[in-house]
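Colleague: I have a structure I would like to understand better, so I am pasting it below and will then ask my questions one at a time.
Read the figures in this text as sums done on the coordinates, not as results from a lab. Being a predicted model, the structure only gives us computed values, none of them experimental. For neighbour counting, all protein chains shown are included, and Cβ atoms are generated from backbone atoms with ideal geometry for every residue, glycine included.
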Amino acid sequence: MISPRYHREIPQRYRLEAGRCADCGEIHFPPRAVCRKCGARESTTVVLPNRGKVVTCTVVDIPPAEFDDQKPYVNAIVELENGVRLTCMVAEAPPDAVDIGTEVELIFRRLRCGREWEVLQYGYKARVV
Amino acid sequence: MHGIVGWGSYVPRFRIKVEDIAGQWGADAAAFKRGLLLQEKTVPGLDEDTITISVAAAKYAIARAGIDPREIGCCYIGSESHPYAVKPSGTVVIDAIGAGPECHVADFEFACKAGTEAMFVAYSHVKSGVMRYALGIGADTSQGAPGDALEYTASAGGTAYIMGGENVAAEIVDTYSFTSDTPDFWRREGEFYPRHAGRFTGEPAYFHHVLGATRGMLEKSGLEPADFRFAVFHMPNGKFPLKAGKEAGFRQEQLEQGWVVNLMGNTYSGSSPTGLAACLDVAEPGDRILVTSFGSGAGSDSFVIRCTDRIKEIQKKAPATRDQLADRRIYLDYGKYVAYRGKIRMNQL
């Protein structure tokens, strides 16, 4: 990911900032310019809760090369306490420790190292509570 | 009154035992455990570094302080393992905790003393009245060369302190610093592992500065060792802080609560700040705590701290240090450990 895009996404990746539609209250994560439910263009910023449950998950045994040192790892769709769903890696968890319904918290971790000259990228992962 | 309004420690879940390191090098594990008074140490995960540890610790500190992070006027991070050579760790941390952009940020370095430096300056800012709250963090993912004695102790973790003048949970009563040019441990630009001067790191370096700062602090404050419930000294291994504490006149029971090194290793800039956090986790109103850090090069910062009635209200608002030390430990073998610490050369992507 190039630096400008990474920089734009800091509010959502670092602080879980989502957009709440000013008209219908639908929460979008990541934030959207237009509400997918009612089409309104106004929204306010809300911070998502950092706890939730795994909706579904998969074990990645053959990852992209830059994540090879972390294999096997679990990617999961997590439903947060307010119903918002997001996809993330589950940190520190052997594959058999994560299943549908597993309670997790979102934590701040380094997502990508890249090559020595590239910017480090941080954001959220899940961790089994 | 000015002092600590919130604190938070973060302890990684990964561990390696002394036996697993000694076994790799054909060393006598029992002798190392006896000599270092250490059983195991923390290891950062593949996705953890000084920045992620600082963020986790700072969030716990904010939870205890119960403040809006936008009221934090500065963020200072002391570490000798900042992920970037050029780009402050604090820039990432303030955006992750929501303290930016109106926040003064700097990264500090002074070997293992950088954490108390950050605390010292943060405290000075709130005491002088230039800001309402100030954040000082000590965190490290320290490295020891394979087979070196440091490999048994160099570990990962960190602790954050929010200083302020309202709702103070632990007043900083007095401070004292003791510094000299003492080349006991160093790493020059471009070198991956630090170098040390063996036994020279003991008497002329660690003990001279730790005892100099502690005795100076006691004399300046007019207090005696018996006036304190807890005392914390920088923990490069298990033996040094106990020896320094006893030489300074403290009893074993005053030293035990903050002596986390046997289960955690030496977290460098996070060491004495984390020992202090372990004491604050269980302290009672009125308890006095003495903390003396040590950073090679060399110097020590000493603090006299007195807990207020508020401490009981906020202790349970974030995980305690010793609970994290005991919780969900994941043990690595030596092969995994060197991979986690980037000690082996892998194929380029």
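Colleague: For the stretch A:49-129, build the charge dipole from Cβ charges (+1 Lys, Arg; -1 Asp, Glu) around the Cα centre, then report which of A:THR87, A:PRO72, A:VAL128 sits farthest towards its positive end.
Modeller: Checked the options; the winner is A:THR87.
Colleague: Tell me which chymotrypsin sites (Phe, Trp or Tyr not before Pro) from the stretch A:22-129 have a DSSP coil assignment and no more than 14 other beta carbons within 10 Å of their own.
Modeller: Passing sites in the stretch A:22-129 are A:TRP117.
Colleague: List the lysines whose alpha-carbon lies under 18 Å from that of B:LYS41, not counting same-chain residues fewer than 8 positions away?
Modeller: B:LYS17, B:LYS33, B:LYS239, B:LYS336, B:LYS343
Colleague: Going by Cα centres, the stretch B:34-98 and the stretch B:290-334 are how many Å apart?
Modeller: 13
Colleague: Restricting to DSSP H runs of at least four residues, report the calculated mean residue ellipticity at 222 nm for the protein assembly as shown, -39500 (n - 2.57) per run over all residues, nearest 500 deg cm²/dmol. Before the final figure, lay out the partial values.
Modeller: Values: 15 runs with 126 residues, N = 478.
Using -39500 (n - 2.57) per qualifying helix, the result is -7000 deg cm²/dmol.
Colleague: Could you please tell me the mean projected area of the C-alpha convex hull for the protein assembly as shown, averaged over all directions and given in square nanometres to one decimal?
Modeller: 22.7
Colleague: Also, I was wondering about something else. Scattering from the C-alpha atoms of the stretch B:187-342 alone, worked out with Debye: what is log10 I(q)/I(0) at q = 0.09, 0.14, 0.20 1/Å?
Modeller: -0.33, -0.76, -1.27
Colleague: What number results when the radius of gyration of chain B, computed over Cα atoms, is divided by 2.2 N^0.38 Å?
Modeller: After normalising by residue count via 2.2 N^0.38 Å, the value is 0.91.
Colleague: So if I take the centroid of the Cα atoms in the stretch A:95-129 and the same for the stretch B:215-263, what is the distance between those two points in Å?
Modeller: Rounded to whole Å, the Cα centres lie 38 Å apart.
Colleague: Right, next: Could you pull out every residue, at least 5 positions away or on a different chain, whose amide H is within less than 5 Å of the one on B:ILE330? Hs are placed 1.01 Å off N in the peptide plane, and Pro or chain starts have none.
Modeller: HN-HN under 5 Å from B:ILE330: B:PHE14, B:ARG15.
Colleague: Still on this model: Let's see if you can work this out: charge +1 on each Lys and Arg Cβ, -1 on each Asp and Glu Cβ, no other charges. What is the dipole magnitude of the stretch A:49-129 about its Cα centre, in debye to the nearest 20?
Modeller: Dipole about the Cα centre, nearest 20: 240 debye.
Colleague: Using the charge dipole of the protein assembly as shown (Lys, Arg: +1 at Cβ; Asp, Glu: -1 at Cβ; taken about the Cα centre), state which of A:GLY25, B:TYR10, B:LEU37 has its Cα farthest towards the positive end.
Modeller: Toward the positive end, the furthest listed residue is A:GLY25.
Colleague: If you don't mind, there's one more thing I want to ask. Using all alpha carbons of the stretch A:49-129, what is the percent of pairwise distances in each 10 Å bin, ordered from the shortest bin to the longest?
Modeller: Calculated P(r), rounded to whole percents: 19, 50, 26, 5.
Colleague: Working only with C-alpha atoms, what are the Rg and Dmax values of the stretch A:1-81, expressed in angstrom?
Modeller: Expressed in Å, the Cα Rg and Dmax of the stretch A:1-81 come to 15.8, 46.
Colleague: Any idea what the dipole of the stretch B:171-307 comes to, in debye rounded to 20, about its Cα centre with Lys/Arg Cβ at +1 and Asp/Glu Cβ at -1?
Modeller: Numbers: 13 positive and 17 negative charges, 78 e Å.
Value, rounded to 20: 380 debye.
Colleague: What does the charge dipole of the stretch B:4-95 about its Cα centre add up to, to the nearest 20 debye, if the Cβ of each Lys and Arg holds +1 and the Cβ of each Asp and Glu holds -1?
Modeller: On the way: 10 positive and 11 negative charges, 47 e Å.
The calculation lands at about 220 debye.
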